[in-house]
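A.B. asks: Please read through the structure below; I'll follow up with questions.
The values are calculated or read from the model by the stated rules, or taken from the named source; none is laboratory data. As the structure is a computational prediction, the values presented were derived from the model and not from experiment. All Cβ positions, even for glycine, are placed from backbone atoms using ideal geometry, and neighbour counts span all protein chains on display. Accessible surface is based on the protein model in full, side chains and every heavy atom, while ligands, DNA and RNA are left aside. Shrake-Rupley method; radii C 1.70, N 1.55, O 1.52, S 1.80 Å.
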Amino acid sequence: MTRILVTGGEGQVGQALQRCDGPHGFEFLFPTRDHFDLSHAEQMMSYVNEHTIDGVINLAAYTAVDKAEDEPDEAFRINRDAVSHLAELTANRDIPLLHVSTDYVFSGELDRAYREDDATGPVSVYGASKEAGEHAVRLHNPNHAIIRTSWVVSPFRNNFIKTMLRLASERDQLNIVSDQFGAPTSAKDLADVLLLIMQRLLDDDNAARGTFHFSNDGVASWADIAELVMQHSGSLGGPHAQIHRIATSNYPTRAIRPKNSRLDTTKFATHFGYRPRPWQTAVRDIVGDLLQGDRP
Ligand SMILES: NC(=O)c1ccc[n+]([C@@H]2O[C@H](COP(=O)([O-])OP(=O)(O)OC[C@H]3O[C@@H](n4cnc5c(N)ncnc54)[C@H](OP(=O)(O)O)[C@@H]3O)[C@@H](O)[C@H]2O)c1
């Protein structure tokens, strides 16, 4: 059995991966932070030495975007330095590293969807730390794939859909930003894609390595997503609030977000023969799961 170590297994994407039931033929190791802390290089090395591992999927990250502005050292320690260790550990064992990164490596100034080879230019500490993590992976382990994704949503942990449903149960009206554009990504869809890519990295020495973009298909603002959440929740008898569209300037946050978070997924679709489903379908499914009580 092929054994895959997954870091960050309790996060949004990790929990989705834990529920993947396709015929992937992998045995997973999902160590918690207590047993595999990215801020402890020696613990990571011991763990990898003590287990037979055929590949690593790195989902663990410092993901508190606003807090990172005040904790840059911690953000870089996890998102750059620990990733660097992991890339070295995997390279020394000649095993592939599948690493997840973010649209926040871009400035958001481009007027089209970002392609993999577009220049990065993060506008936040979190984005800069993830960009540095990408560099570390490329530097230390050539047998890698980096998947940049955006606006991850799921029935797990904290995310935009869960926040919208919670707020709608407390208030009649919500002010939501309508001038940042991107696409939500279902953690479940991303988990399926990560397995597909890992399978390819393990089976095919000639499979494309490098950087790929993956999100659900289409373009949305946060307000567009909120409106769909409310519409679908209302139709299922769940909470519903009226959405007021506001500008980013009326919703100041500690960290700046890119105005344009759109990721062009053409390269991924071409290499892996997988076309992402529309974001609307993914969002409806998650709202349905949450309202049916499937919320760990
Ligand atoms: N969420 C998004 O919208 C989004 C968008 C683009 C890219 N991404 C990227 O996608 C990946 C997965 O994100 P996610 O949404 O699943 O994140 P998440 O829900 O915030 O989960 C992050 C995971 O990382 C773990 N972690 C954090 N610090 C750690 C440390 N020092 N040692 C070990 N584990 C540690 C957390 O452990 P605990 O369970 O102990 O807290 C948690 O399991 C990340 O690389 C993120 O940068 C996310």
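A.B. asks: Can you tell me which of (1) in a helix (DSSP H, G or I); (2) touching a residue at least 60 places away in the same chain (Cβ under 8 Å); (3) of a type outside the set (Gly, Ala, Ser) is the one residue 90 doesn't meet?
C.D. replies: For residue 90, the failing item is (2).
A.B. asks: Something else: For the stretch 25-54: of the residues being aliphatic (A, V, I, L, M) and out of contact with any helix residue (DSSP H, G or I) (no Cβ under 7 Å at 6 or more places or on another chain), which is nearest to the ligand (Cβ to nearest atom)?
C.D. replies: So, considering only residues that are aliphatic (A, V, I, L, M) and out of contact with any helix residue (DSSP H, G or I) (no Cβ under 7 Å at 6 or more places or on another chain), the one nearest to the ligand (Cβ to nearest atom) is 29.
A.B. asks: Return the residues of the stretch 228-252 that are among the aliphatic types (A, V, I, L, M) and open to solvent by less than 70 Å² (accessible area, probe 1.4 Å); say none if nothing qualifies.
C.D. replies: Result: 228, 229, 230, 241, 243, 246, 247.
A.B. asks: Can you pull out every residue in the stretch 244-296 that is under 21 Å from residue 16 (Cβ atoms) and touching a His at 6+ places or on another chain (Cβ under 7 Å)?
C.D. replies: Residues satisfying the conditions are 263, 265, 268, 284, 287.
A.B. asks: Going by the structure shown, is residue 131 in contact with a Pro (Cβ under 8 Å, 6 or more places away or on another chain) and modelled with pLDDT of 95 or more?
C.D. replies: So residue 131 passes the test.
A.B. asks: Further question: Can you find a residue in the stretch 103-110 that is assigned to a loop (DSSP other than H, G, I, E, B), within 13 Å of the ligand (Cβ to nearest atom) and either of a type in the set (A, V, I, L, M, F, W, C) or without any contact (Cβ under 8 Å) to a residue 12 or more places away in the chain (or both)?
C.D. replies: yes
A.B. asks: Further question on the same structure: Could you tell me whether residue 14 is of a type outside the set (S, T, N, Q) and in a loop (DSSP other than H, G, I, E, B)?
C.D. replies: No: the conditions fail for residue 14.
A.B. asks: May I ask you to say which residue of 185, 163 is open to solvent by less than 10 Å² (accessible area, probe 1.4 Å) and β-branched (Val, Ile, Thr)?
C.D. replies: 185
A.B. asks: Moving on. Here is a check on your reading of the model: is residue 227 over 29 Å from residue 21 (Cβ atoms) and either assigned to a loop (DSSP other than H, G, I, E, B) or within 16 Å of the ligand (Cβ to nearest atom) (or both)?
C.D. replies: Spelling it out, it is not the case that residue 227 is over 29 Å from residue 21 (Cβ atoms) and either assigned to a loop (DSSP other than H, G, I, E, B) or within 16 Å of the ligand (Cβ to nearest atom) (or both).
A.B. asks: Out of the residues in the stretch 1-10 that are open to solvent by 20 Å² or more (accessible area, probe 1.4 Å) and within 14 Å of the ligand (Cβ to nearest atom), which is farthest from the chain's Cα centre (by Cα)?
C.D. replies: 10
A.B. asks: Taking residue 190, is it at pLDDT 95 or above and closer than 30 Å to residue 5 by Cβ?
C.D. replies: In short, yes.
A.B. asks: Please work out which one of (1) more than 18 Å from residue 251 (Cβ to Cβ); (2) polar (S, T, N, Q); (3) within 10 Å of the ligand (Cβ to nearest atom) is the condition residue 186 fails and give its number.
C.D. replies: (3)
A.B. asks: Where residues in the stretch 253-278 are β-branched (Val, Ile, Thr) and surrounded by 15 or more Cβ atoms within 10 Å (Cβ to Cβ), which of them is nearest to the chain's Cα centre (by Cα)?
C.D. replies: 265
A.B. asks: While we're looking at this one, here's another question. Restrict the check to the stretch 204-224 and report whether at least one residue is touching a residue at least 60 places away in the same chain (Cβ under 8 Å) and farther than 29 Å from residue 129 by Cβ.
C.D. replies: no
A.B. asks: Also: If residue 174 passes every condition in (1) within 22 Å of residue 239 (Cβ to Cβ); (2) within 16 Å of the ligand (Cβ to nearest atom); (3) open to solvent by less than 10 Å² (accessible area, probe 1.4 Å) but one, which one does it miss?
C.D. replies: Unmet for residue 174, out of (1) within 22 Å of residue 239 (Cβ to Cβ); (2) within 16 Å of the ligand (Cβ to nearest atom); (3) open to solvent by less than 10 Å² (accessible area, probe 1.4 Å): (2).
A.B. asks: Filtering the stretch 131-145 down to residues that are buried (at least 21 other Cβ atoms within 10 Å of the Cβ) and within 16 Å of the chain's Cα centre (by Cα), which residue is farthest from the ligand (Cβ to nearest atom)?
C.D. replies: Ranking the qualifying residues of the stretch 131-145, first place goes to 145.
A.B. asks: Another question, then. Just for the stretch 36-85: of the residues that are in contact (Cβ under 8 Å) with a residue 60 or more places away in the chain and assigned to a helix (DSSP H, G or I), which one is least open to solvent (accessible area, probe 1.4 Å)?
C.D. replies: Going through the qualifying residues, I end up with 68.
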